[in-house]
Amino acid sequence: MPEPTRIAPPAGPTDPPPPAELPPPVFLTALQRGLPGTIEKLSYWVGDWTAILPAARLIEVATHLRDAPGALFNFCSDVTASDWPPRAKRFDVIYCLYSTTLRHRVRLKVQAGDGEAVPTVTGVWPSANWLEREVFDLFGIPFEGHPDLRRILMPDDWQGHPQRKDYPLEGPGELLIEDPVDWLRVRHAREIE
Amino acid sequence: MLEAIVFYTLAVFTLGFGVLVITARNTVHSVLFLVANFLCVAVLYVALAAEFLAVIQVLVYAGGIVVLYLFVVMLVNLKAIPEARVDPRRRSRLGFVLAAALLAEVSAILVYAGSRSPMAPAPGAPATPAPGNTETVGWLLYTDYLVPFEVASVLLLVAMIGAILLARKQEA
Amino acid sequence: MFDTNELVINMGPQHPSTHGVLRVVLRLDGERVIEAKVVIGYLHRGIEKLCEHRDWGQIVLITDRMDYVAAASNNLGYCETVEKLMSLEVPPRAQYIRTILAELQRIASHCLWLGTHAMDIGAMTVFLYAFRERELILDLFEEYCGARLTYNAMRIGGLPLDIPPRWDAKVRAFCDILDTKVDEYEELLTHNRIWLERTRGVGVIGAAEAIAIGLSGPALRGSAVPRDIRKDEPYAAYADFAFDVPIGDAGDTYDRYLVRIEEFRQSTRIIRQALDGLPEGPILGKVPRLIKPPAGETYHAIESPKGELGYFIVSDGKSNVPYRFRVRPPSFCNLQALPRLVKGHLVADVVALIGSIDIVLGEVDR
Amino acid sequence: MVETYLVPLLKIAVLLNAVLVAVTYMVLLERKVIAWVQVRLGPMRVGPYGVLQPIADALKLMLKEDITPARADRFVFTLAPIVSMVPALIAFAVIPFDDEVTLFGYKLSLVVADVNVGLLYVVATTSISVYGIILAGYASNSKFPLLAGLRASAQLISYEVAVTMMLVSIVVTAGTLSMVGIVKAQLDAHLWFVFIQPVAFVILFIGGLAETNRAPFDLPEAEQELTGGFHTEYSGMRFALFFLAEYANMIVVSAVATTLFFGGWLRPFPNVAPLAFLDLVPGWIWFLMKTFVFLYIFIWIRATLPRYRYDQLMRLGWKVLIPLAIANLVVSGILKVLL
């Protein structure tokens, strides 16, 4: 098994800016005009556009992108996150959007610190419901206003959030304890907690 | 001799199941004893050579009506334990009075019936009974007892319409 | 008069028609569903986490284990995403063979869907008929790569193997067989009165709502949304072929059925065109010995048999493993619509609807 | 003594054994026929072509652990399979397999009891058989069987109305309630009743499918919906009793349909003299052949059709079959008076 040869973990995504000669798509320029100051940074990489926003203005932007005539992003393909522990706001929450009428894609990205809530987009795209639950379950990012924020893949009483970078691949630990008595002790201690 | 043995055995079973119906604590068991009771009565009818009546007894009572009882019993409070509640009506003396009245009535009928000749044919029946008693029953039902028969059917119709109306109202 | 007792029943995780370890908690009034709650996660193996600890080449093999009835589609989606991240050129022959494999896989997956869906509604013969055809596909895959279920059939930049000799003729023969067999399935079901009564008007979902709730694939097309990634954002070699995207109009179980049935025919059409135009040449592009995509991230989606199968991969450009590996599983997102679909229907419709949205728990839970 | 007790007892013994063997082989037949429909082979391992499979199955079921769920109603739980099996068996008592035959000098009628209310008797026994299912559903103390039990009882009661109504039309046509009498009436009418009462036959057949819980009406045991239905919690021999009862009921329905509509033991065209050579085949063979055809159709339907939904089944019963049965009864009554 090749252990990752990572010595110093990367401090964050590269998010390369778009090349100067490439104009951003119409819906992004319209967004910049319609809701000025919402886009902190635009990024372009291998054909994908990403807009990085402050979490506070996410709902505004999402609603605009869903309804604006040139955007019409009515389909929320995916909601996911990535974890960059050295960074102060360690999480990126990523929304992959698609328009079934105009057939274009864009990604939104907001940053969140540990324990910091991100507003839910379930009001804009109901399909984000389970996807946000999954992010909550695996990363521990709470979504403010989510109608049903429970764990979805892991058991309800699970401790920790497995997709975080500081969570070991082998699991939380007690699974590796061979002596069942020790295992029970750990389990018991956890229940008292 | 044989007939007597059959009769008394059946009578014991019929009464025994009857008692079990009212003593059983579990409602479903009680309904089951009722079915057993009906089946015993049906066999009694067979012993009296009234096959038609016997089959109708099974078909209508055991196979139809009691299934509905069971249905209702199963649907309504499956979990409530009967002995947990004390029905205040159980303690009333009215029940004893009514039961005594019923007993008196039944005994009166028995005495009256015993005083008559047991073999007297029912008035209006054909002189020679048809093979099997189905035809006799049908004949009597549509001639002498036509009016009670029709009244009973109208009554059932009214009951049916009433039931449908009640159910409808709840739905609305 | 009677208090309407609500009954809560647990359908699954061990239930014959939840297609695996899905658990649906149904609140019933009589037999009518008042509310359904879907509980998943029984097959969660942490594939995303695992993939962040495996090097780029090894991940192909793990993707097999997600939608295990359409392993090649998973391989294709992953390889294309990494190729996009590395800006790799895939030779046309490999693209064509990938397309053939993906379409064969779509047929196999739809066979399994048709069989189990029909079985759930009580038509058990169709189940065995559909599995008979699926078996032929498994034979073809076995001949191509040696495996029958988890193929590990693709590599980043191309394919590990060229097609064996005379394999193309066998695929052609299979397409001819399948076309007649699809007619056979339709004879048994499409105009069958009971089938119509069981599927028409069951689980109706309109186009706007279907999009909002995140349906994709045949389930979305059944609601009259002409969205097929093969057409809209062509990948592999799909741009070279003529094929139609069937859509329904009512958005009920019957339309979803018809859409998938038509997809059988379109798939054979694509396979035939791909075989006709199969170019000569290498099957593996110019791939560096050590795969290490430059730092960056991308989302790439393909049309898997179940819907939009997307991969979101982040590379940090330094290590030999992906920094973040995310799958957008179509079954997971489609399953989300189940509580909405079953509401107000009867218990019998619940199984019909679980079949109708076509899920694989390996992919839902990962 | 011999006439009154021994002969009927012998008949009963022979019939019971024959029925039980037939039922076990019915299971094999079903598995085989469905397998062939589905391009499979079916059981092949036990004996040549799997003919000994029923014996292996029976052994397996008898030796299996008999589990009673912890919180079940033990008394009713034990009673339910018995209650479902017994009516299926006793219904055979009035089915005539042949006219009188002479055996060792005895004139022997091949019916256990030619009751003058035979037809009603059959209906009555089938109406009792619902208890097995409903009680199994109740006694298991489990939700799926309960749902199945309710489904089953509602289904049986609804379909029984149509079937009974239809049987009255037959009685009107034949002028008797005796099963033997009905067959003889067909001989006198020079026609099988299926040609006189085709609608009644269709209703009986559909109702029969529904009452025996067979596809496409097999809702109470719909495996895909209610796991195993009312017998989810049963195992071993008790489960086998339910299973056998279903098949015995199928045979009863087929036998009744044969008797009422297809001339029972009569050869085809019983009054056409040039076909007299058909009499070389004994009547009971004709009877069994006709019954077999029905059983085959039962299996064939199961292999072909999907399953109805509960509300659709009720709608079919109440809104289609019962009005049809009443109309049929009225028409046959009028015709009977006029002709």
Next on the checklist: Among the numbered criteria (1) closer than 25 Å to C:Thr99 by Cβ; (2) more than 7 Å from every other protein chain (Cβ to nearest Cβ), which one does C:Tyr299 miss?
Outcome noted: (2)
Checklist entry - Regarding C:Pro218, is this residue surrounded by 22 or more Cβ atoms within 10 Å (Cβ to Cβ), over 18 Å from the mean Cα position of the chain (by Cα) and closer than 29 Å to C:Val364 by Cβ? => result no
Checklist entry - Under 9 Å by Cβ, and 6 or more places apart or on different chains, what pairs join a residue from the stretch A:153-166 that is facing chain C (nearest Cβ under 7 Å) with one that is of a type in the set (Val, Ile, Thr) and part of a loop (DSSP other than H, G, I, E, B)? => result A:Leu153/C:Ile40
Next on the checklist: Given the condition at pLDDT 85 or above and in a loop (DSSP other than H, G, I, E, B), answer yes or no: does some residue in the stretch C:252-269 qualify?
Outcome noted: yes
Checklist outcome for this item: Those residues of the stretch C:107-131 that are farther than 19 Å from C:Ile354 by Cα and in contact (Cβ under 8 Å) with a residue 40 or more places away in the chain come to a total of 3
Checklist outcome for this item: The number of residues in the stretch D:129-145 that are crowded, with 24+ Cβ neighbours inside 10 Å and either of a type in the set (A, V, I, L, M, F, W, C) or at positive phi (or both) is 6
Next on the checklist: For the stretch C:88-132, give me each residue that is more than 24 Å from C:Glu363 (Cβ to Cβ) and within 8 Å of chain D (Cβ to nearest Cβ).
Outcome noted: C:Gly122, C:Ala123, C:Met124, C:Thr125, C:Leu128, C:Tyr129, C:Arg132
Checklist entry - Do the conditions hold for B:Leu44, that is, is it touching a Leu at 6+ places or on another chain (Cβ under 7 Å), in the same structural domain as B:Ile5 (by TED's automatic domain parsing) and buried (at least 18 other Cβ atoms within 10 Å of the Cβ)? => result yes
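Just a yes or no: is a residue in the stretch C:183-194 of a type in the set (Phe, Trp, Tyr), touching a residue at least 60 places away in the same chain (Cβ under 8 Å) and within 11 Å of chain D (Cβ to nearest Cβ)? Write out each step before concluding.
Keep residues of the stretch C:183-194 that are of a type in the set (Phe, Trp, Tyr), which gives C:185.
Now narrow it down to the ones that are touching a residue at least 60 places away in the same chain (Cβ under 8 Å): C:185.
Those left that are additionally within 11 Å of chain D (Cβ to nearest Cβ): none.
There is no residue in the stretch C:183-194 that is of a type in the set (Phe, Trp, Tyr), touching a residue at least 60 places away in the same chain (Cβ under 8 Å) and within 11 Å of chain D (Cβ to nearest Cβ).
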Checklist entry - Within the stretch D:110-151, how many residues turn out to be within 30 Å of D:Thr4 (Cα to Cα) and in a helix (DSSP H, G or I)? => result 12
Checklist entry - When the stretch A:80-107 is examined, which residues are found to be under 17 Å from A:Pro126 (Cβ atoms), in contact (Cβ under 8 Å) with a residue 24 or more places away in the chain and outside any loop (DSSP other than H, G, I, E, B)? => result A:Tyr95, A:Leu97, A:Tyr98
Checklist entry - Does the stretch C:273-288 include one or more residues that are part of a helix (DSSP H, G or I), farther than 22 Å from C:His44 by Cα and in contact (Cβ under 8 Å) with a residue 60 or more places away in the chain? => result yes
Checklist outcome for this item: Condition set surrounded by 18 or more Cβ atoms within 10 Å (Cβ to Cβ) and among the acidic types (Asp, Glu), scope the stretch A:45-81, selection farthest from C:Ala337 (Cα to Cα): answer is A:Asp48
Item to check | Count of the stretch A:80-111 residues which are at the interface with chain C (Cβ under 9 Å from one of its Cβ atoms), more than 12 Å from C:Tyr299 (Cα to Cα) and hydroxyl-bearing (Ser, Thr, Tyr) | outcome: 2
Next on the checklist: Of all residues being more than 13 Å from chain C (Cβ to nearest Cβ), in contact with a Phe, Trp or Tyr (Cβ under 9 Å, 6 or more places away or on another chain) and closer than 30 Å to C:Ile9 by Cα in the stretch D:153-173, which is surrounded by the most Cβ atoms within 10 Å (Cβ to Cβ)? Just the residue, please.
Outcome noted: D:Tyr159
Checklist entry - For the stretch D:58-74, which residues satisfy the criterion of being without any contact (Cβ under 8 Å) to a residue 60 or more places away in the chain and surrounded by 13 or more Cβ atoms within 10 Å (Cβ to Cβ)? => result D:Thr68
Item to check | Considering residues of the stretch D:196-218 that are within 14 Å of chain C (Cβ to nearest Cβ) and assigned to a loop (DSSP other than H, G, I, E, B) only, the residue surrounded by the most Cβ atoms within 10 Å (Cβ to Cβ) | outcome: D:Phe217
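Going by what's in this entry, would D:Arg238 be described as within 14 Å of chain C (Cβ to nearest Cβ), modelled with pLDDT of 80 or more and crowded, with 21+ Cβ neighbours inside 10 Å?
Considered against the rule, which asks whether it is within 14 Å of chain C (Cβ to nearest Cβ), modelled with pLDDT of 80 or more and crowded, with 21+ Cβ neighbours inside 10 Å, D:Arg238 comes out as no.
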Next on the checklist: Can you say whether D:Phe193 is under 30 Å from D:Ile67 (Cβ atoms) and more than 13 Å from chain B (Cβ to nearest Cβ), as far as the supplied structure shows?
Outcome noted: no
Item to check | Every residue from the stretch A:122-141 that is assigned to a loop (DSSP other than H, G, I, E, B), in contact with a Cys (Cβ under 7 Å, 6 or more places away or on another chain) and of a type in the set (A, V, I, L, M, F, W, C) | outcome: A:Trp125
Checklist entry - Does any residue of the stretch A:63-79 turn out to be within 10 Å of another protein chain (Cβ to nearest Cβ), part of a helix (DSSP H, G or I) and within 30 Å of C:Gly217 (Cβ to Cβ)? => result yes
Checklist entry - Among the residues of the stretch B:1-23, is there at least one that is away from chain D (no Cβ under 14 Å) and outside any helix (DSSP H, G or I)? => result yes
Checklist outcome for this item: The residue from D:Leu187, D:Leu219, D:Leu209 that alone is more than 22 Å from D:Ala91 (Cα to Cα) and touching a Pro at 6+ places or on another chain (Cβ under 9 Å) is D:Leu187
Checklist entry - Scanning the stretch D:293-315 for residues that are surrounded by fewer than 20 Cβ atoms within 10 Å (Cβ to Cβ) and within 14 Å of chain C (Cβ to nearest Cβ), which turns out nearest to D:Met26 (Cα to Cα)? => result D:Trp300
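Is it true that some residue in the stretch C:240-251 is under 20 Å from the mean Cα position of the chain (by Cα) and outside any loop (DSSP other than H, G, I, E, B)?
So in the stretch C:240-251, the residues under 20 Å from the mean Cα position of the chain (by Cα) come out as C:243-248, C:251.
Those left that are additionally outside any loop (DSSP other than H, G, I, E, B): none.
No; the residues of the stretch C:240-251 include none that is under 20 Å from the mean Cα position of the chain (by Cα) and outside any loop (DSSP other than H, G, I, E, B).
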Checklist outcome for this item: Within the stretch D:57-90, residues over 13 Å from D:Arg238 (Cα atoms) and among the charged types (D, E, K, R) come out as D:Asp57, D:Arg71, D:Asp73
Next on the checklist: Let me confirm something: among C:Leu290, C:Leu278, which residue is surrounded by fewer than 21 Cβ atoms within 10 Å (Cβ to Cβ), closer than 14 Å to C:Tyr96 by Cα and among the aliphatic types (A, V, I, L, M)?
Outcome noted: C:Leu278
Checklist entry - Here are some conditions: (1) out of contact with any Lys or Arg (no Cβ under 9 Å at 6 or more places or on another chain); (2) at pLDDT 90 or above; (3) among the hydrophobic types (A, V, I, L, M, F, W, C). C:Leu290 meets all but one. Which one does it not meet? => result (2)
Checklist entry - From the list C:Phe325, C:Phe312, which one is in contact with a Cys (Cβ under 6 Å, 6 or more places away or on another chain), within 14 Å of chain A (Cβ to nearest Cβ) and within 23 Å of A:Tyr44 (Cα to Cα)? => result C:Phe325
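The values are calculated or read from the model by the stated rules, or taken from the named source; none is laboratory data. Everything quoted here is computed from the prediction, not taken from an experiment. Positions of Cβ are generated from backbone atoms using ideal geometry, with glycine treated the same way; all protein chains shown enter the neighbour counts.
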